1. Among the residues of segment 116-131, are any surrounded by fewer than 15 Cβ atoms within 10 Å (Cβ to Cβ), over 19 Å from residue 231 (Cα atoms), out of contact with any Leu (no Cβ under 8 Å at 6 or more places or on another chain) and in contact (Cβ under 8 Å) with a residue 24 or more places away in the chain?
2. Within segment 172-186, does at least one residue satisfy the condition of being at pLDDT below 95 and over 18 Å from the mean Cα position of the chain (by Cα)?
3. Name the residue, out of 10, 86, that is in contact with a Leu (Cβ under 9 Å, 6 or more places away or on another chain), over 19 Å from residue 108 (Cα atoms) and either without any contact (Cβ under 8 Å) to a residue 24 or more places away in the chain or among the basic types (Lys, Arg) (or both).
4. In this structure, is residue 280 at pLDDT 90 or above, among the β-branched types (Val, Ile, Thr) and out of contact with any Asp or Glu (no Cβ under 7 Å at 6 or more places or on another chain)?
5. Limited to segment 90-131, what total is found for residues that are touching a strand residue (DSSP E or B) at 6+ places or on another chain (Cβ under 7 Å) and farther than 27 Å from residue 286 by Cβ?
6. Would you mind telling me which numbered condition in (1) closer than 23 Å to residue 355 by Cα; (2) over 19 Å from the mean Cα position of the chain (by Cα); (3) modelled with pLDDT of 95 or more residue 50 fails?
7. Which condition from (1) assigned to a strand (DSSP E or B); (2) within 30 Å of residue 270 (Cα to Cα) is the one that residue 39 breaks?
8. Go through segment 192-230 and report how many residues are closer than 18 Å to residue 181 by Cβ and aliphatic (A, V, I, L, M).
Amino acid sequence: MRLISIPEDKYYDYRLNAMFDCYKWDPQFYDSNTVAKYALVLSQKENEELQELTEKIDYETRESEKFLNNHQKFSRKLALPRKICKELKKMKNYDESKHIRLMRYDFHPTTEGWAVSEVNSDVPGGFAESSLLPQLVIDTLELKNCEFKNFGNILTDAISKKVKKNGRIMLVHCTSYSDDRQVMQFLGDKLKSMGYEVVYGAADHLIFENGQAISVLDKNEGEIDGIVRFTPLEWLIDMKPRRWQGYFYTDTPSCNHPIAIFAQTKRFPLVWSDLKKHGIKLDTWEKLLPETKEVRKVKEYDNYIYKPACGRVGEDISIKEACVDDEYKKILKAVKKHRKSFLLQKKFNSKPICSDSGEKFHLCLGSYTVDGKHAGYYARISSKPRIDSYAADIPVLIERG
């Protein structure tokens, strides 16, 4: 695994092309540039190892969520919001063969090998960055010995197998946020090129009649043949849209179906002992995920960190050396106030990778699966050991065999 620098005289055009040709509309987070000046190159051996680990851990996740859906009494330890628990009881009609199951596992190189910090089970992002940036950097640097997996092609191919040809697909997202829209616009343009009619809508632009999704968006009314949801489930109840319950029992092909909530919460490891008693194997999860336990006594730990159960993009993780100003104290205060909303997880020692100029970066390498098969990578790097909104997107390449 190595970093390739993008020369300064080529970087300006590279970043500009990322914005206008690769849907990277938000290349800044406050004053931080989020378009890396490097490309990450994996060896064939590293790629094969990651692919194998990803598919193994994904199988364990899908088996776990199916069991929890059929035996929901074991999901109580997940402490899911009451409104969501009420709707989970309606998911008895879930049929994985009808829906598109998308997940992304976040791998980190550590001093002891690979570790997984979490699975983005519900609405993982990075679609365009994992599909277009690799080709852009290959063209920019004229690389002949590298290739990549095009995530966008793999996902849309999976959608085409489960949504009828030339059907209508609604891309459900928070319509007022450009960073959500850029993900949906990329996917929508690809689906349109395949002959699908695409409707861009918010969560409450759908109603459900006898399990069938129906658009109520002005000038786009009518039956919907497929749903791609990019609004997180726990956001739905916070946003209080007029309609959202039907997502849990719809027969309309969905990516992702709400069954994703079981593994999305970081409290997922708390039900492992029950799962194993009923024959669910979790060997890969136990190998890769640092020890995770419930918060009982709130204090400062040397070898553990606090993580929010429903956190995203590295927010509110108590890695002390990565916190700024009084952020660490605020996290501890939040943990004391809402213990069940946080987990205690053993801290791993992130192993930074060095650029050819001697700069060191910490890496989060997101490894996708679509319907159980490896589907490419989305990576971010940071000078700090916490990969959060300040981190930069970096294309992932694979050395040709």
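1. Within segment 116-131, none of the residues are surrounded by fewer than 15 Cβ atoms within 10 Å (Cβ to Cβ), over 19 Å from residue 231 (Cα atoms), out of contact with any Leu (no Cβ under 8 Å at 6 or more places or on another chain) and in contact (Cβ under 8 Å) with a residue 24 or more places away in the chain.
2. yes
3. Working: 86 fails: in contact with a Leu (Cβ under 9 Å, 6 or more places away or on another chain).
On inspection, the qualifying residue turns out to be 10.
4. Working: at pLDDT 90 or above: yes; among the β-branched types (Val, Ile, Thr): yes; out of contact with any Asp or Glu (no Cβ under 7 Å at 6 or more places or on another chain): no.
So residue 280 fails the test.
5. 4
6. (2)
7. (2)
8. Of the residues in that region, 8 qualify.
The values are calculated or read from the model by the stated rules, or taken from the named source; none is laboratory data. From a predicted model like this one, the values you see are computed outputs, not experimental measurements. We place every Cβ from the backbone using ideal geometry, glycine too, and count neighbours over all the protein chains shown.
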